Amino acid sequence: MGVFGLSDVYEKISELARRRGFFWPSYEIYGGVAGFYDYGPYGVLLKNRIVEKWRDFFVRRHQDYVVEIETPIVAPSIVFEASGHVEHFTDPIVSCLKCGRRFRADHLVEEALGVSVEGLSLEDLGKIIRDNNVRCPFDGGELGDVKVFNLLFKTQIGPYEGDVGYLRPELAQGMFVAFKRVLESMRSRLPIGIAQIGRVGRNEISPRQAMVRLREFTIMEMEYFIDAEDPQGNCPFFDEMAGKRLRIQSYTMRVKGGEPQWFTLEEAVESKIIVDKCLGYWMAIGQEFMESIGVPAEHMFFMEKGPHERAHYSSQTFDQVVKVSRWGLIEVAGHSYRGSYDMMRHAAYSKADLTVFKPYKEPILVKKKRVIVDKSVIGRLFRDKAGEVLEALQAARPEDIEGYLTGGGHTIKVGGFEVPRDAVKIIEVEEKEWGRKILPNVVEPSFGVDRVVYVAFEYAYREREGRVVLAFPRDIAPVQAAVFPLVENDESLIAEARSLYKTLVREGFQVIYDDTGSIGRRYARADEIGVPAAFTVDYQTLEDKTVTMRDRDTWRQVRLPADNVVEALRKFLKGEPLDSLGTPFK
RNA sequence: GCGGCGGUAGUCUAGCCUGGACUAGGACGCCGGCCUGCCAAGCCGGAGGUCCCGGGUUCAAAUCCCGGCCGCCGCACCA
């Protein structure tokens, strides 16, 4: 028995996944490497459908605001210096000089001395270790310098060792760095969502839990760029989801030991449990997405992270967690309010102007003070320094300069120069302002594909009369239909079945054709990879061109004309009940 | 990274303690043939094994010992 009263199906799932070609640990013939997984033929089909569904929920349905891009997985080091990952995406470690074992430096100190060392620099940690003679807990050996272990995979771009590159640990930086160009190509309007689906790498110290914690994995992520000062305009679709019910456990609820509670999206936003409308909106979409993958709403909730649990960039983060039988709660998505941290950093590091011009409806008149300088005086007085002086005067705030003028002094001190007051005057002008420049804030829903695949698999797993059925929601099933002749040794049945199979393939369906073994065995095989519908060509087909259609989940059948199969399958995959598609059979 | 347990055809497993007749046995699955008028039926035939890897002990190692890799569990870690 697993947790939450769910029976632990992990072993059965991994066995089935390997045997039927969904997923398995990579590099098996070389003994395997922890943290890497292969997708097999049906796994790829399943994953692709899940990815396509995410794209539908987050991108296609919001296509007037959300676009998808693709950026490289390797970035020059400056990108992750700007993002803070080079500095923060690390653990401090020390090595024992005698046995070579490695330890978390902060934990060792906290354990040995019973003091909190949170936020201390590497040097400070090293000093504490030396001053207190902290030793290796195994053989008492002396400890070396405190170093950082960075979870970024490091590489080199081109032939020169100085050109450090990193494998991205998240997709977000790709969107931030490309933001200006994307915004421009989408006619420079906010809000805008930029989505991306792609691989990332994190050099985890000890990955575990199969597909749940990998060193290389796929993320589906969106950065939704908004104007923090225009809360009304940011989320034009909010009302459509306002009544959606979400289960939320705020940080304060959690530290008090409280259970997650149900809120409508509107309630959660109005009571400030979710700090931002857009953050809440995408959480609601995220919940609908996971429900469509097969997870009932009562099996997931949003868990708010506390101040010390959040990433360095975030002011509010919710983990979208789903119950699984083996490991309890696993995080399938993180929903973060990232503020303008990243955009600020990239603007500073790249010197690019990453602001967005937001026009007002009507231009407004503003009174501004302007510094007027008598350049001939400055030129004569400062000669070759005149340029610098002028620059300093322009850079200064007019109010400050006015302060000197009204203060009655004889000179104005600016940029290390003293400028005679007569050379400068302040005038007031009226200007039309057509808009303002803002640095956008960012809301980010980010899903781990591989975890979603695992969750879909676990929630689809059923046992029925000693047989295994993968009851995927019909529209994510890796294979959509099966076609069988009733028996395997009748050429005319086989010919009809092959022809039906070809029709379905031509119509774009993923179909398996199978004519070996008994019909029951073939149904069982199809159930085991989760094929929602099976069509069987029997002797009556030869008379009246009808076939039977079988539902994976009920094992019931209807009979319908072979010519209607394409349309019936299309409807069935969209959720229509079997009974509406034909007349009952047997 | 630490500790415990484990690793044998595609899958599940017997054998390991007590080394040799193991040319590694079985079941399911898979492939071919026969049969089969709707839910893993039957019969015949077949393919499939680096016994996790490396080293050691021994006349002899799937079996004992050491190291490593991988997995599961617990601790730690998971910006």
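The values are calculated or read from the model by the stated rules, or taken from the named source; none is laboratory data. Everything quoted here is computed from the prediction, not taken from an experiment. Neighbour counts run over all protein chains shown; Cβ positions are idealised from the backbone, glycine included. These area figures cover heavy atoms from the full protein model, side chains too; ligands, DNA and RNA do not enter into them. Shrake-Rupley method; radii C 1.70, N 1.55, O 1.52, S 1.80 Å.
The alpha-carbon of A:LYS361 sits under 19 angstrom from the alpha-carbons of these aspartates and glutamates, leaving out residues fewer than 8 places away in its chain: A:ASP227, A:GLU229, A:ASP230, A:GLU430, A:GLU431, A:GLU433. With all projection directions averaged, the alpha carbon convex hull of the range A:422-497 covers 15.0 nm². What does the charge count near A:VAL565 come to, summing +1 for each Lys or Arg and -1 for each Asp or Glu among other residues with Cβ under 13 Å from its Cβ? Net charge in that neighbourhood comes out at +3. Bridging of A:LYS272 to aspartates and glutamates at a Cα separation below 13 Å is possible for A:GLU304, once same-chain residues fewer than 8 apart are set aside.
Shape call for the range A:183-253 from the C-alpha gyration tensor, a ≥ b ≥ c root eigenvalues: rounded (a/c under 1.5), prolate (a/b greater than b/c) or oblate? It comes out oblate by the Cα gyration axes. What a 1.4 Å probe finds exposed on chain A is 49% carbon and sulfur by accessible area, rounded to a whole percent. Calculated on C-alpha atoms, the gyration radius of the range A:507-586 divided by its Kirkwood radius gives an Rg/Rh of 0.93.
The local environment of A:ILE50, defined by Cβ-Cβ distances under 12 Å, has a net charge of +1 under the rule Lys, Arg +1 and Asp, Glu -1. Cα centroids of the range A:449-520 and the range A:428-442: 60 Å apart. Directionally averaged projected area (the range A:327-441, Cα convex hull): 13.0 nm². Shape analysis of the range A:446-586 places it in the prolate category; the axes a ≥ b ≥ c from the Cα gyration tensor give an a/c of at least 1.5, with a/b above b/c. Straight-line cross-link partners of A:LYS323 among the lysines, defined as a Cα under 23 Å from its Cα and at least 8 positions apart when in the same chain: A:LYS12, A:LYS47, A:LYS53, A:LYS244, A:LYS256, A:LYS305. Once you divide the Cα radius of gyration of the range A:493-546 by 2.2 N^0.38 Å, the number left is 1.14. Which of A:VAL453, A:MET300, A:ILE194 sits farthest toward the positive end of the charge dipole of chain A, with +1 on the Cβ of Lys and Arg and -1 on the Cβ of Asp and Glu? Projecting each Cα onto the dipole axis, the largest value belongs to A:ILE194. Sites listed here are trypsin sites (Lys or Arg not before Pro) in the range A:197-240 whose DSSP assignment is loop and whose Cβ has at most 15 other Cβ atoms within 10 Å: A:ARG208.
I want the local charge near A:SER77. Using Cβ-Cβ distances under 13 Å, sum +1 for each Lys or Arg and -1 for each Asp or Glu among the other residues. Neighbour charge sum, excluding A:SER77 itself: -2.
Expressed in units of 2.2 N^0.38 Å, where N is the residue count, the Cα radius of gyration of chain A is 1.27. What nm distance separates the two modelled labels at A:ARG397 and A:MET344, each placed 7 Å from Cα along Cα→Cβ? The answer from the label model is 1.8 nm. Remark: the Cα gyration tensor places the range A:246-402 in the prolate category, a/c being 1.5 or greater and a/b exceeding b/c. Once the Cα-Cα distance is subtracted from the 0.36 nm per residue extended length, the A:TYR30 to A:THR252 segment shows a gain of 75.1 nm.
Projecting the Cα positions of A:ALA34, A:ALA568, A:VAL424 onto the charge dipole of chain A (unit charges on Cβ atoms of Lys, Arg, Asp and Glu, taken about the Cα centre) puts A:VAL424 furthest along the positive direction.
Between A:GLU433 and A:ARG181, what is 0.36 nm times their sequence separation minus the Cα-Cα distance? Round to one decimal in nm.
Extra length available between A:GLU433 and A:ARG181 comes to 88.2 nm.
For the range A:301-347, the Cα-based Rg and Dmax, in that order, read 13.1, 45 Å. Restricting the trypsin sites (Lys or Arg not before Pro) of the range A:225-260 to loop positions (DSSP other than H, G, I, E, B) with no more than 15 neighbouring Cβ atoms within 10 Å leaves A:LYS256. Surface analysis of the range A:391-485 yields an accessible area of 45 Å² per residue, using protein heavy atoms and a 1.4 Å probe. Spin-label model, A:THR155 to A:LEU365: label points 7 Å out along the Cα-to-beta-carbon direction sit 6.1 nm apart.
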